[in-house]
Amino acid sequence: MGLFADKYPDVAYQEKERLWEQVKADPRYPSYLYGCYECGICVAACPSARFYDFSPRKIAQAAAREDIDLIYEQMNDDVWNCSQCFSCNRCPRQNSPGGVITILREVAVKNGLKSAKQALEGYSRIIYKIMGTGTQVSPDMLQPDAFPDWGPQVREVSADLELWRRALPPETLHTTSTGWQVDDKTIIELYLIWHNTGVMDMIAEVDEGLHMILNDVMEEKLEEAGYEV
Amino acid sequence: MSSDTILIIGGGPAGLEAARLIGDLGQRAVVVEKRDALGGTPIYEHYAALTHNFRDAEEAMNELIAAAKANPTVDIRLSSEVVSCSGAAGDFRVKLAKSGNPAAGANGGAGVAGEEINAGAIIVATGFQHFDPGRETQMYGYYEYDDVITLADAERMLKENKFVTPSKGTPPQRVCFIQCVGSRDRQIGNEYCSKVCCGISSKQAIEIRQQVPDCKVFIFYIDMRMYGYWENEIYWPAQEKYRVQYVKGIITEIIRKGDRLVVRGEDTTMGRPMEVPMDVVVLAVGMEPSRGTKDVAKILGLKQNKYNFIEVPHGGLDPTATSVPGIFVAGAAAGPKDLDDTMAMAGAAAMKAAALTRKLQISNFKFQNSNFKTQTPA
């Protein structure tokens, strides 16, 4: 029982406790959280705290106090407001509230929390791109009307994308469907890493459809390279 | 003729340490103790472990007592108290009487009724007493609820290795400390910080977690004052190793709900009001001048500060001099002190007293043998 009213009374305490035990069992946890002075230096350094009702201090505090109800609340409502910039690492106790958030997010995703699915919904296209191609946002995502806030030159640039890209000196950038050309060997290695470290399982927990598409893409290439999925 | 005897009033840590050191100089010390046993508050109040090094308090005090007792130039008067004082530095005449302490007499005995001590200097080491929580202005109900206790009550249970919920006799599941009870409070009139309670609460929190591992322990505080090595020796281990929960926010009220207590306050850093059930609430009571400190100050004519501790007019650079030349003070009689400061102050007071009596004897000697006027110290 924590110090405050419980925001998720319908979720069993044992379930919250189970998730918290997973957080604590993470081998990184002991070096991410020692004890908290509640001094607020992490909040002062936090860019997200300027824009959202978000406080890395409260994350550290709740964890330090093992306030299981509050941690569950944060795992659902707060952790997705963090930009994972780790400015909070300047903590005098050498805590890493951002690191605690990393673990909280991973546990939320691995356990398929509804809030995690919602938070990541908007990212499925980007995840597909990154995990499918091994590169980040690609030039062909720059559609004429996709980003009006980027200004009128977007239309101009997107009209002749191929030409613009060929004007760039490095040959690896002469592509529009990926951020840069990715070597087959590299993409195979990335696929293997994602399969073997549990990233694919995490994707399956939050977005079944995305997992299926990615699996198809990866399976084909991996089989070509002689790997069985 | 000036006396080289040094009278020490109080047989607690400060008095015992001063006596031992004066004895080591080969000079005569007389320790007057009102109670029928030496060791002062750590013994009388059954302290468990000392803050900050966790040493067994009784064992540590017994070492001090043995050192004073074994010293051939240290005389001890138990169950005795000072009733009057005349004279000045070099030649104080101090009358003793059997103390009014009800416990006195049994194995006191060393005190001779009506004895007069001729002392060259006096060291006052009469210490403090714990604040009486019946006077607190919140609503903690110390005298109403069995399970609201003080640091001293907790020490006694911890010493016996039996920390329980007093009303039930079973180990508690949730314990909290409320800091600054009787300290830093204008309503009560004790505006000062008692210096040691943050450390003692944290030490006790660790001991509770050691003795009752399943128990959750909270400390509700205004500021944590863990200076110097108390930080890394007590505060950090309490938080990091023993997972004691420090919450900035003071409890305003303790109420009873069913067979449990509920504490009400604000978790200020979380910005939320809280109402939390507790099995045991420990009030971190501060220090006030002991009865002996107040009485002795009057008898010796020492100035007291507004809190009735003995005033130290030259503060920082001369922390043991009182308003009367030739009378020195050591330990918590001069205001809240931890044990380290008390022992250091006792050493300083012993040195000052010994130096003064020797200087006076030399100057008297010169005076008697040369007719040169020598200046007596102011």
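A compact table of results
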| quantity | calculated |
| --- | --- |
| Fraction of beta bridges assigned by DSSP in the protein assembly as shown that are antiparallel (%, nearest 5) | 50 percent |
| Unsatisfied cross-links (Cα-Cα over 27 Å) in the set A:16/A:117; B:95/B:294; B:168/B:337; B:98/B:306; B:34/B:337 | B:168/B:337; B:98/B:306 |
| Candidate lysines for bridging to residue B:162, where Cα separation is under 21 Å - those fewer than 8 sequence places away on the same chain excluded | B:203, B:216 |
| Mean projected area (nm²) of the alpha-carbon convex hull when chain B is viewed from all directions | 19.7 nm² |
| Within-12-Å neighbourhood charge of residue B:192 [Cβ basis; K, R +1; D, E -1] | +3 |
| Whichever lysines have a C-alpha closer than 16 Å to that of residue A:185, once near sequence neighbours (fewer than 8 apart) are set aside | A:221 |
| Subset of B:298/B:352; A:7/B:257; A:7/B:241; A:24/A:58; B:195/B:303 violating a 19 Å alpha-carbon distance limit | B:298/B:352; A:7/B:257; A:7/B:241; B:195/B:303 |
| Antiparallel DSSP beta bridges within chain B, percent to nearest 5 | 50 percent |
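Only the coordinates and a few stated rules stand behind these numbers; no lab work does. For clarity, every value in this text was computed on a predicted model and none was experimentally measured. Reconstructed Cβ throughout: ideal geometry from the backbone, glycine too, with neighbour counts over all protein chains shown.
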